[in-house]
Amino acid sequence: MSRILRLFGGGHIVEPPVGWTRTLPLTIKRLDGTFQALSPAGKAFDVADLAPVGAGTTFYVDIARPNNTGNGQSWATAEKGVKYGIQDANAAGDIVLIAPGVYDYDNGWQGYGVQHNMQIKASAPGVILSNHLVLSYALDGTLTHTYVAAHGHTAVSMYQTRDALYPDANGDYQKLTLQASAAAVEAAPGSWFADATNLYVRLSDDRAPDANLRPYYSYSNSKCAYPYTIYLEGIEFHGGTTPFNAAASGVGAYPTIYAKNCTFKYSQTNGLSTTGADTILQGCLAACNTDDGFNYHLGYTRPPQAIEISCIGRDNGAAGDIDNGSSSHEGANVLRIMGEYMRNVGINVHDVGLGTQSWNLGTIVHDSAGGVNDVNFGIGNDSTLCTMWLDHCRSYGSAADLNANTNALLHARACITEGHNSGAGTIDAY
C-alpha cells in the first residue's frame, strides 16, 4: 500500500506504491481527488525549470523574413526557416526563439539533427511547424472543380490532406477524403488524390486552393536523435512521419525531451514518439494522429521513461486500427498526473511489455472509439508481467473500464468506474 503523509496547510504527499521502481524528479501532493506535482523545493512543478542552460545565446526565427541570409542574432536579422535557426545555435544552452506563423515543410525543422543541448520556444502563441507542401495549383483541364499541382517527388509522399479554413469544435482542421483517382475527386467535394506526379484536390466549398490547404509530407518533421537535452515550449507540431520523434542513436546515446504547452497533430504514425528517451511533458496535446498520441518504446536496450502532467491524448488512430491516446512498451516506466485521454481508436491508455509500469493519478479516461479493444485503461497484451496503478482515476463511456491481460497486474484505489472490467489478469485494490 502507498504511504500518505499529511502536510500542514492541507493536502498530502503521496509516495509511490510498493513495487514502483523509478526515482522521480518531483513529488506529488493530493487534496481529495486532485493531484499536484511539486518540485524538489516544494513549489509547483514547472518543466521549464529543467530546460538546459549554458552560454545562452538566443537565435531568432521569423517566417515573415524574406530569406535565410540573416545571422539569426536579432529579430531584424532573423532566419526564415526553423532548421537554419537550429543550425545557428551551435553551443550548448543556446535558445532558438520562433515568431508566430505557419512554417511549412520548406521553412520548418525538416528533421534536422540537433547537435547540442538547447531550448526551442515560441516567442508568442501561434507557432505552427507544419510538414505540408506549398504547391502551385491550377484547374485540371479535363475536370470542372478539381485543382491539380505537381508535388515534385518521385513517389507518392502525401498521406493526409486537411483544410485549416474549417476547424471543428476542437480546433482540428477539416480532413479531406482520400480518393482512388482524379475522377473520383471531381465527384466528391472535400477530397484529394495523389499519384507519382500530381496532387488533385477539390475543396469542400469549391474554392481555389490557398494557404489553408495542408497536404502533409511523409518525412520527418522535428526530432532529436542524439544524447542531448531539448526543451520545447509553446509550439504546435503538425504532420510528418511523426510530428516529434526522440530516438536513441546508440547504447548510451539517449535523448531527454522536456516539453511545455506543445501540440502534436496529423501524423502519419504517432504524435510524439520516443525510443530509449527520457520525456517529461506538461500541458501537452496529442490529437488526430494516424497511430498513437503519445508513444514510448525501448531504444538500444534502454526502456523509456516518461511523465505526462495535465496532458491530453484524444481522437488518435485510424478506422479499423488499434491505437491509443498514450501507450508505453518494453519495460517502460510512465507517470501520468491529471491527464485526459478519450476517443482513441483502441484502448485509450495502454501499457505493455515485460516489466512495464505505469502510475496514473487523477486521470480521466473515456469513450474509446475502438471497434475492438473498446477499453479505457489496459495493461499487458503479451502474457508478460507488467503493472498499472490507478489512484482517484475516472473511467466511463467504453465497453470496459479496466482490462488486465494474462499475467498483468492492475491495482486501483478510489477510482470511479462503470464497473465493466475484462481480461485474465489481476484487477484489485491497493
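Each value in this text was obtained by applying a stated rule to the coordinates, not by laboratory testing. Because the structure is a prediction, the values reported are computed rather than measured. Cβ coordinates were reconstructed from backbone atoms using ideal geometry, including for glycine residues, and neighbour counts include every protein chain displayed.
Where both bridge residues fall in the chain, DSSP classifies roughly 20% of the beta bridges as antiparallel.
Remark: Ile230, Ile379, Ile322 ranked as Ile322, Ile230, Ile379, counting other beta-carbon atoms within 10 Å and listing the fewest first. With 10 Å bins beginning at zero, the pair-distance distribution over Cα atoms of segment 66-211 amounts to 11, 33, 26, 21, 8, 1 %. Sorted ascending by nearby beta carbons within 10 Å, beginning with the fewest, Val47, Val185 become Val47, Val185.
Taking Lys and Arg as +1 and Asp and Glu as -1, the other residues whose beta-carbon sits under 12 Å from that of Gly101 total -1. Sorting Ser267, Ser383, Ser327, Ser157 by the number of Cβ atoms found within 10 Å of their own Cβ, with the fewest placed first, yields Ser383, Ser157, Ser327, Ser267. Here Asn212 and Asp428 are evaluated by their C-beta separation; at R0 = 45 Å the FRET efficiency comes out at 0.30. Ellipticity at 222 nm from helices only: DSSP H runs of n ≥ 4 in the chain, each -39500 (n - 2.57), divided by the residue count, give -500 deg cm²/dmol.
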